[in-house]
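Peer 1: Have a look at the structure that comes next, please.
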Amino acid sequence: MQGTLLLGLTLAAFTAVMLGGLRILFFQLSKLQIPPGVDQPGRYRLAPENKPPAQYEDCLTAAIHFMRNSEDYAVDPTRIITAGDSAGAYLAAIVTQTLSMSKGRGFFLKATVSEAYRLAPEHKPPAQYEDCLTAAIHFMRKPEDYGVDPTRIITAGDSAGAYLAATVTQTLSMFVASFILLVLGTIQFEISNTEIPPGMDQPIKLRIIHGFLVGSAVLGKILERMGLCSQLNFVRCIRYGKKPGMDPKLFVKDLNFETVPVRVYQPRASSSGQRRGIVFFHGGGWVFGDLDSHEKLCRYIARESESVVASVEYRLAPEHKYPAQFDDCLTAAIHFMRNTEDYGVDPTRIIIAGDSAGGHLAALVSQAVVSRPGLPKPRAQVLIYPFVQGLDFNLPSYLQNCKVPLLFRERVPFFALLCLNGDVSVLEDVLEGTHIPTDIKLKYKKWLSLDNIPEEFKVRGYKPQLFIECKKEVYEQVKEICEPTFSPLLAEDAIFCQLPESFILTCEYDVLRDDGLLYKKRLEDSGVQVTWYHVEDGFHGVISMFDNGILSFPAGKKALDKIINFLRGL
């Protein structure tokens, strides 16, 4: 019974979400009007001064104008004839075809779009097809912007344009069959390859969300193999949220801190003094995410904590290798700390924050600025399920939650390698632990020891791993993952003892749970005050689901409010 219910809910959710994602069209709006002097018969623009389809456009425009205003000429609208001689007969024929296709759908030009696609020979195929398909999908996704019925959209073109229109139509038609297979395959994958522990919050919702992410990745791979777009760009497009409208309680500005794009959220309400300032780094495995993906989260933090939030859009991997991500975050943080007066921020109350990969960057930036002369010391750091070390991917949480959405065990080193050098060929070796030489294991053993993880977190299905010899060639390829510049847990004691008061959030059903626990222990051993909140029924990414419509998670909202309470106390 539960399996049937899950299948039905997942199929319904996929149908609603994915069909919306497949409505796409690629033509620029062309507001055609009858040129001065054009009457019946059409005095269209002539070649060679005017290249096709100028002639067709003029004739079609004139014909539609005449048909829409037949009463001005005492003409029966049911007895209108198109005619022409020689080249005019050709134009009459294609105008008639166009008007016939729009029969029963209103006039074609009520929503005609003309695509200015890239031209040969400057741009080789399939550039023309890609442009037309992209425009078609865009148009189909937002027909309401143009007052168009989404069930009555037509693709059309003349000459080479007719070929492109036919190809685009075939592609969009194939999506329907592919979509059905995709949904069925995703449901099968979701049921057979994921594990939802009994204590998790809202398990069916989690399966639906994870199924959508898996389905979008599969569809992206299909499109990539068809030569239409890269899987990475497609998944990024699907994942990025729609920016909400104006917030009555916030001023929202897009700025640049040096060369780094930043979105600043400032409360509209007057304040008796300077506010807290929060520099926020988004998550997404260093590969996904932008200002829009964390818009709701940053607005909520700014509004509810009455703080100024600067959300940073750092460069993403694999296009930009590490340390580009860290460099951008550090640049933005330093700029904000040096210009607090521009935003009404108290320089003694600056907080560095981030979630997941953003939590990793927040930890590194906090370490970088605490000892830098000429900068105010951060008041606190907020690390939301952070990644802090790349030495051991066999900690209890990695093995207990290896197949728990939304972050599988193998995804963590996969994203880390993609960020560092783009080469994931040694992924299996890194998962096994053969990338760490014995001397490095011994050097950092006291900080990675399982003794630093409370016993209650080692009960659920955990078996310690056997010792594995290092492969030198693997270490040489990924040795940057073992450096404190990428793994903040490995920083020296002299750095840790300077770090500010910290808030660390972990989730029970998250592979990164033990990273957070180890970092918490290291901070406490260094004399740093730590506020720790553990989401007992939470999973990786739950914070971002605090306000996700019918797919919201109460655990995410509760955890986010814990963060707000911590911030209010600073």
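Peer 1: Output the number of the condition that Val17 fails; it satisfies all remaining conditions of (1) buried (at least 16 other Cβ atoms within 10 Å of the Cβ); (2) farther than 30 Å from Arg118 by Cβ; (3) modelled with pLDDT of 50 or more.
Peer 2: Of everything listed in (1) buried (at least 16 other Cβ atoms within 10 Å of the Cβ); (2) farther than 30 Å from Arg118 by Cβ; (3) modelled with pLDDT of 50 or more, Val17 misses just condition (3).
Peer 1: Kindly establish whether Gln389 is closer than 17 Å to Cys419 by Cα and open to solvent by less than 10 Å² (accessible area, probe 1.4 Å).
Peer 2: Spelling it out, Gln389 is indeed closer than 17 Å to Cys419 by Cα and open to solvent by less than 10 Å² (accessible area, probe 1.4 Å).
Peer 1: Considering only residues that are farther than 22 Å from Leu466 by Cβ and in contact with a helix residue (DSSP H, G or I) (Cβ under 6 Å, 6 or more places away or on another chain), look in the stretch 399-413 and name the one that is least open to solvent (accessible area, probe 1.4 Å).
Peer 2: It comes out as Pro405.
Peer 1: For the stretch 42-73, how many residues meet the condition of being among the acidic types (Asp, Glu) and farther than 19 Å from Asp85 by Cα?
Peer 2: Of the residues in the stretch 42-73, 3 are among the acidic types (Asp, Glu) and farther than 19 Å from Asp85 by Cα.
Peer 1: Could you count how many residues in the stretch 94-118 are at pLDDT 70 or above and more than 13 Å from Glu57 (Cα to Cα)?
Peer 2: Residues meeting the conditions: 4.
Peer 1: Here's something else I'd like to know. Quick check on my filter: what residues within the stretch 342-373 are assigned to a strand (DSSP E or B) and either open to solvent by less than 20 Å² (accessible area, probe 1.4 Å) or outside the structural domain of Arg411 (by the TED database) (or both)?
Peer 2: Val345, Ile350, Ile351, Ile352, Ala353, Gly354, Asp355
Peer 1: Please specify each residue of the stretch 230-278 satisfying the condition of being out of contact with any strand residue (DSSP E or B) (no Cβ under 7 Å at 6 or more places or on another chain), open to solvent by 50 Å² or more (accessible area, probe 1.4 Å) and in contact (Cβ under 8 Å) with a residue 40 or more places away in the chain.
Peer 2: Hits for the stretch 230-278 are Arg239, Tyr240, Lys242, Lys243, Glu258, Thr259, Ser271.
Peer 1: While we're on this one: Looking at Leu499 and the list (1) touching a Ser or Thr at 6+ places or on another chain (Cβ under 7 Å); (2) part of a helix (DSSP H, G or I); (3) farther than 18 Å from Ala357 by Cβ, which single condition is not satisfied?
Peer 2: (2)
Peer 1: List the number of the failed condition for Phe27; all other conditions in (1) open to solvent by 30 Å² or more (accessible area, probe 1.4 Å); (2) at pLDDT 80 or above; (3) under 24 Å from Tyr129 (Cα atoms) hold.
Peer 2: (2)
Peer 1: Further question: It is to be established whether one or more residues within the stretch 301-318 are assigned to a loop (DSSP other than H, G, I, E, B), buried (at least 21 other Cβ atoms within 10 Å of the Cβ) and among the hydroxyl-bearing types (Ser, Thr, Tyr).
Peer 2: Looking through the stretch 301-318, at least one residue is assigned to a loop (DSSP other than H, G, I, E, B), buried (at least 21 other Cβ atoms within 10 Å of the Cβ) and among the hydroxyl-bearing types (Ser, Thr, Tyr).
Peer 1: Related question: Taking into account only those residues within the stretch 488-524 that are surrounded by fewer than 20 Cβ atoms within 10 Å (Cβ to Cβ), touching a residue at least 24 places away in the same chain (Cβ under 8 Å) and not hydrophobic (A, V, I, L, M, F, W, C), which is nearest to Gln389 (Cα to Cα)?
Peer 2: Looking at residues that are surrounded by fewer than 20 Cβ atoms within 10 Å (Cβ to Cβ), touching a residue at least 24 places away in the same chain (Cβ under 8 Å) and not hydrophobic (A, V, I, L, M, F, W, C), I get Lys521.
Peer 1: Would you mind stating whether Ile204 is modelled with pLDDT of 75 or more and surrounded by 18 or more Cβ atoms within 10 Å (Cβ to Cβ)?
Peer 2: Criteria not met by Ile204.
Peer 1: Can you confirm whether the stretch 127-140 contains a residue that is of a type in the set (Asp, Glu), touching a residue at least 40 places away in the same chain (Cβ under 8 Å) and part of a loop (DSSP other than H, G, I, E, B)?
Peer 2: No: zero hits.
Peer 1: Does any residue of the stretch 415-431 turn out to be closer than 20 Å to Tyr533 by Cα, hydrophobic (A, V, I, L, M, F, W, C) and crowded, with 19+ Cβ neighbours inside 10 Å?
Peer 2: No, the stretch 415-431 contains no residue that is closer than 20 Å to Tyr533 by Cα, hydrophobic (A, V, I, L, M, F, W, C) and crowded, with 19+ Cβ neighbours inside 10 Å.
Peer 1: Shifting gears a bit: How many of the residues in the stretch 75-94 are aliphatic (A, V, I, L, M), in a loop (DSSP other than H, G, I, E, B) and within 18 Å of Pro52 (Cα to Cα)?
Peer 2: 0
Peer 1: Residues in the stretch 530-549: is at least one open to solvent by 50 Å² or more (accessible area, probe 1.4 Å), more than 16 Å from Ala363 (Cβ to Cβ), free of Cβ contacts under 8 Å to residues at least 40 places away in the same chain and in a helix (DSSP H, G or I)?
Peer 2: yes
The values are calculated or read from the model by the stated rules, or taken from the named source; none is laboratory data. Fair warning: this is a prediction, and the values are worked out from it, not measured in the lab. Backbone-built Cβ (ideal geometry, glycine too); neighbour counts: all protein chains shown. The protein model used for the area step is the full one, side chains on, heavy atoms only, and it has no ligands, DNA or RNA in it. Shrake-Rupley method; radii C 1.70, N 1.55, O 1.52, S 1.80 Å.
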